[in-house]
1. Please work out the average accessible area per residue across the chain, using the 1.4 Å probe convention, and give it in Å².
2. Taking 35 Å as R0, compute the FRET efficiency from the Cβ-Cβ separation of residue 38 and residue 8 and round it to 0.05.
3. Taking the alpha-carbon set of the chain, what are its Rg and Dmax in Å?
4. Just order 18-31, 49-62 by mean Cβ neighbour count inside 10 Å, highest at the front, would you?
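The values are calculated or read from the model by the stated rules, or taken from the named source; none is laboratory data. This structure is a prediction, so every number in the text was calculated from the model and none was measured. Every residue, glycine among them, receives a Cβ derived from its backbone with ideal geometry; neighbour counts consider all protein chains shown. Only protein heavy atoms, including side chains, enter the accessible area calculation; ligands, DNA and RNA are left aside. Shrake-Rupley method; radii C 1.70, N 1.55, O 1.52, S 1.80 Å.
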Amino acid sequence: MLLAENVIGRGGCGDVYRATLADGSAVAVKSFHRGSEAAFYTEMEFGAAVRHPNIVQLLGYSVRRQPNRW
């Protein structure tokens, strides 16, 4: 669950949360909730291509549409 106390950043398309996977791996999860869907995909493409010591590596992303959420 993405909780307010786990927010570690805010971006143009949504908040970034600290989370832990079932295997104990620490990850950052970005939840899209504002802006355009096209901007979100552009951000994911950029994240997949960039390599920098201050930016975490994009391992993947998932899109789950929820009616009436936006």
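1. About 79 Å² of surface per residue is accessible.
2. So, using R0 = 35 Å, E works out to roughly 0.90.
3. Expressed in Å, the Cα Rg and Dmax of the chain come to 12.6, 38.
4. Descending mean neighbour count gives 18-31, 49-62.
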